[in-house]
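Working notes, beginning with the structure itself.
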């Protein structure tokens, strides 16, 4: 689901930096907006899978005036089988999904799960999770966050403004009868931060929040990610010379200036996008991180867990930012178990994390 994000972001950063005169300004521009959805995420296999499903879709205009696209998929015995390429730098790839859709109408969902995607992805990139959760009896509603997929454009909020959109969409879908039973939220990366901010809002009415590989502070995440994108992240051979030049030009002062400029443009200082602070208001959070993550290093996950004693924290050995969300065989049972736990009335009432999930060896789901 996130396999191509690193390659595309590297290409965008490299192309943008080399063509604009001011390095801080160029970087700031890419921090302000994601430049739409990754063109490397292929539509054909996703559309072919969706064509087989009884899904519903629509749009909600939020109080901020953002036109947000959503898709609902009902529970069924999909018998999902999934495999994916292991080349993280491969273009035009998506997990190979094999599933069936029974002819019988879906039964009443046991609950509803809102799915929130990562940066430069879209709601349909969460399709494997929609099918797996559907097998367990849940209706899923995937949302294209602002500036992504089929949704409209608006100033990015690194999860804060997006969370308000999610609250508005869920409220509208409740009125339409799409939200049935307990409501849970599952987000990945940028979507995970959004899930935490949304889950902290009582208006959402979420019982459980699952946040996979979220950052703890937006500005720190940028300081961690950008140097990696310019050194070890996958990039085409043609970008080698430009990347060397950027590595030579980039320093802490340039990065700090870009972060400050991006925050000024957004009207949102990025050093105030504090996911850890919001997490304190989420009643029942499950946090997941891979110890090999270099986009959002595992220190972010550990900091979030340390800030929220009421949260459960799972850390998977050997998994990075791209591979971790695909570990459905390991993570789906843990997520479903978390959804089935007794309700939490307020933050802080849980005594600690449950037994950890054993580290995965990266075998296919």
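Each value in this text was obtained by applying a stated rule to the coordinates, not by laboratory testing. Every value quoted in this text rests on a predicted model; they were computed, and no experiment measured them. Reconstructed Cβ throughout: ideal geometry from the backbone, glycine too, with neighbour counts over all protein chains shown.
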With 0.36 nm assigned to each residue of separation and the Cα-Cα distance removed, residue 64 to residue 277 gains 74.3 nm
Round to a whole angstrom and tell me the spacing of the C-alpha centers of the range 166-224 and the range 254-278.
-> 20
Is the range 85-208 best put as rounded, prolate or oblate by its Cα gyration tensor, with a ≥ b ≥ c the root eigenvalues, rounded for a/c under 1.5, and otherwise prolate when a/b is larger than b/c, oblate when not?
-> oblate
For the range 101-174, just say rounded, prolate or oblate: build the C-alpha gyration tensor, square-root its eigenvalues into a ≥ b ≥ c, call rounded for a/c under 1.5, and beyond that prolate if a/b exceeds b/c, oblate if not.
-> prolate
With a ≥ b ≥ c from the Cα gyration tensor eigenvalues, square-rooted, and the rule rounded for a/c under 1.5, otherwise prolate when a/b > b/c and oblate otherwise, the range 46-156 is oblate
Give the peptides 289-296, 140-147 in descending order of average Cβ contacts within 10 Å, highest first.
-> 140-147, 289-296
What order do you get for 164-177, 310-323, 118-131 when each peptide is scored by the mean count of other beta carbon atoms within 10 Å, highest first?
-> 118-131, 310-323, 164-177
